[in-house]
Amino acid sequence: MNRRHFLQSMGTALATTAATASLPSWARQADAVNSHYRRAPELFKTNPKLTCLRGFQGQDISCDAAWIEGKLPADLRGDFYRNGPGLFERGGQRYHHWFDGDGLVHAWRFGDNGVSHQARFVRTKKFVAEQQAGEFLVPAFGTAIEPKIPLRTSDTMNTANTNVIRMDGRLLALWEGGSAHAMDAQTLTTQGAVTWAPELAGMPFSAHPKMEADGSLWNFGTMMGKLILYQFSPQGKLLKHHIMNAPRSAMVHDFAISQKHMIFLFAPIHLNMDAVRSGKSMVQAMEWQAKESVKIMIVEKADFSRFRLLEIPALMVFHFGNAWEENNVIHVDFVKSDNLDNFNDWMPKIMRGEDVISEPSTPAFLKIDLNRNKVSLTERSENLEFPRVDPRVVGQRNRYLYYPVAVEKNTNNTLNGVMRLDQESGKTDSFNFGSDCRLEEHVVVSKAGSTKEGEAWLVGVGFDIPRQTSFASVFDAQNLAAGPVALAHLPYWLPHCFHGNFYSKA
Ligand SMILES: [Fe+2]
């Protein structure tokens, strides 16, 4: 499998989408669906909890000095970058899915004089063209839109909206279906799509690369039944890559690394191409196959061509916390859902402004015995998402996991608190913001001079519903129950983000 064959398979998918647009039924069905979403602005007025899903109109925003409640730790200095979908409407048309919005990259800068905030939309080719046109020009992942420009590669639809990392001095805004976009780490000016090597132009580069403590970086991309694997040096040099057939043509959002392996879970999702041809989006065309298994793919980091496949009963996964191995047993944790309901049913409803209850997603743990090729699954009951670990233990044995969590299960399963799970004792430490806040992913930032896992600050973002403003929160990761040591309040609200990373000042 080479790049030409890989891109040919991507081209087939794009051609299908484009052909869809010419079918007479397309416009009728899309119009019927879109009418629901045109009502969304009215519904949002009565649902202040969902304000952040209204999105921005394409404007950049900044604040020189957030209002600090509490006291910022003296050793917490650096840049906290986040990324998420920030624009959902153009020309009276609204996206049907949270994942569709254009990437808005944020920089929260923690300095001696407090916290500033800056956010800029990634100037992808899509964003620039649609900003000029005043309307959506290309199909989105969860919204069937008639293409008004040629769909040459998947980067034509690249929203760069999922994660942001710093690599070799520049920021990379990531989206799983296409190229990373480089940005200036200080100004957030977009520099353009990144090509790792001439033969890799336009190849998918997932939004969940894994960086080990020494700076080594591992990543993957999937598209239409193909899987590409990447290894980078701590200096950001591409060391090797490999393209192979995936065990299933399913959406794969994240993966985990252990000391010696890359671990993938291919959930039982069938993409109904007939549904796409009849005018449905890719999200709407995804069908859950409850009787099929999850394919676990375990690839050797030392030789990407060497892998094994195992199976477990159907479950859905978006995010992994970490993986590690001892005595030829791999331990993997992730967040589990029973099926795709949150993805293709609940999410479109909240994008219409409906305040509906999501299905819970819960911690799950796999033990993969490589000697016997046996897999065991254990689960916990907390309702949470967006797991993170101390960056010093990525791919190594870890004790702690950190999540935003729905502390009160009667609040529409809203993530309204933070939690640390001690895997060794099974004990949790958590803080509940109450029903007035929605919490996003929180990341682990090592305390200055510390050498031990968990001696850290936990830093994230939240939305204050009564104030209708966003804030950054800082906890002592060793005592979440004590509450945040500091909150940095902005005078405005922000669209919710997916993921980000904190880079301490050296
Ligand atoms: Fe993600």
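The values are calculated or read from the model by the stated rules, or taken from the named source; none is laboratory data. Worth saying up front: this structure is predicted, and the values here are computed from it rather than measured. Methodologically, a virtual Cβ is constructed for each residue, glycine included, from the backbone with ideal geometry; neighbour enumeration extends over all protein chains shown. Please note that ligands, DNA and RNA were not included when accessible areas were found on the heavy atoms of the full protein model with its side chains. Shrake-Rupley method; radii C 1.70, N 1.55, O 1.52, S 1.80 Å.
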>> With the cut-off at 20 Å, tell me which of the pairs LYS126/LYS148; LYS260/LYS291; LYS126/LYS226 have Cα atoms farther apart than that.
In response: LYS260/LYS291; LYS126/LYS226
> Counting only protein heavy atoms and using a 1.4 Å probe, what share of the accessible area of the chain belongs to carbon plus sulfur, as a whole percent?
Replying inline: 48
>> Sort 379-388, 331-340 by packing, meaning the average of other beta carbons within 10 Å per residue, with the highest value first.
In response: 331-340, 379-388
> Counting pairs of Cα atoms in the range 263-388, how many percent are more than 16 Å apart?
Replying inline: 68
> Per residue, what accessible area does the range 3-504 have, given a 1.4 Å probe and all protein chains present, in Å²?
Replying inline: 38
> Using the alpha-carbon centroid of each, what span in Å lies between the range 396-436 and the range 253-280?
Replying inline: 27
> Taking the range 387-501 as the region of interest, what is the percent of Cα-Cα pairs per 5 angstrom bin, listed from the shortest bin to the one with the maximum distance?
Replying inline: 2, 13, 22, 25, 19, 11, 6, 2, 0
> In terms of Cα to Cα distance under 17 Å, which aspartates and glutamates are near enough to LYS301, apart from those fewer than 8 places away along the same chain?
Replying inline: GLU212, ASP214, ASP254, GLU325, GLU326
> Taking Cα centroids, how far is the range 178-239 from the range 443-506 in Å?
Replying inline: 26
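For a test of the definition: using alpha carbon positions, the gyration tensor, and the 1.5 limit on a/c, classify the range 136-291 as rounded, prolate or oblate. Write out the running numbers ahead of the final one.
Values: a/c = 2.17, a/b = 1.29, b/c = 1.68.
Oblate, because a/c is 1.5 or more while a/b does not exceed b/c.
Using the Kirkwood formula on the Cα atoms of the chain, what hydrodynamic radius do you get, in angstrom to one decimal?
Details: mean 1/r = 0.0434 Å⁻¹.
One over the average 1/r among Cα pairs gives 23.0 Å for the chain.
Grab the other residues whose beta carbon is less than 13 angstrom from that of ASN342, score K and R as +1, D and E as -1, and report the net.
Surrounding charge for ASN342 is -3.
Taking square-rooted eigenvalues a ≥ b ≥ c of the alpha carbon gyration tensor, is the range 113-211 rounded, prolate or oblate, where a/c under 1.5 means rounded and, failing that, a/b exceeding b/c means prolate?
oblate
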